[in-house]
Amino acid sequence: MFQHILVPLDGSELSKKAADTSLELARKLGARITGFVAEPMPPLPSMGSHAATYARQTDEHQLRTEAHAHEVLQHFEAKAREQGVAFSGQFRTTDAVDDAIVNAAIEYGCDLIVMVTHGRGAFGEFLYGSQTKAVLSGSRLPLLVLH
């Protein structure tokens, strides 16, 4: 059965559901979990931006995203430890979250991905896109989708 589960998180209430469900599943299967946070790249500079200002904003963005990822993963790790589930946390800054998730699953040797979907419907997906659908179409691994 499944031995290594990748759980992408963003710190939202829905991603907490993915964490809780994946921990329960991992405990029952004797599997381990890799928590994964993919943070966005810093925004591109505007036309009137000065190089020094953009560099400072980029550094601040990196510090904020690293702190956020660390906080999310640390919370998940504490829950995993409480439940006796082996855990590792990984973080990546990317401009293609769905590709980062698929690549992380391959890189870390995962055999299942557990994700949540917001269930926005067709119009919401048109406006915001769907990371879950993009991962589903880009991965050959089984994907457990929670709503």
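Couple of notes before you dig in:
- Close Cβ contacts (under 9 Å, 6 or more residues apart or on different chains) running from residues in region 19-37 that are within 13 Å of Phe76 (Cβ to Cβ) to residues that are basic (Lys, Arg) comprise Ala19/Lys79; Asp20/Lys79; Leu23/Lys79; Ala26/Arg32; Phe36/Arg92; Val37/Arg92.
- Subset of region 67-90 that is surrounded by fewer than 13 Cβ atoms within 10 Å (Cβ to Cβ) and among the hydrophobic types (A, V, I, L, M, F, W, C) - its residue that is modelled with the highest pLDDT: Ala78
- Of the residues screened, Thr58 is not one that is under 22 Å from Pro142 (Cβ atoms) and either modelled with pLDDT under 95 or among the β-branched types (Val, Ile, Thr) (or both).
The values are calculated or read from the model by the stated rules, or taken from the named source; none is laboratory data. All figures in this text were calculated on a predicted structure; none of them were measured in a lab. All Cβ positions, glycine included, derive from the backbone under ideal geometry; neighbour counts span all protein chains shown.
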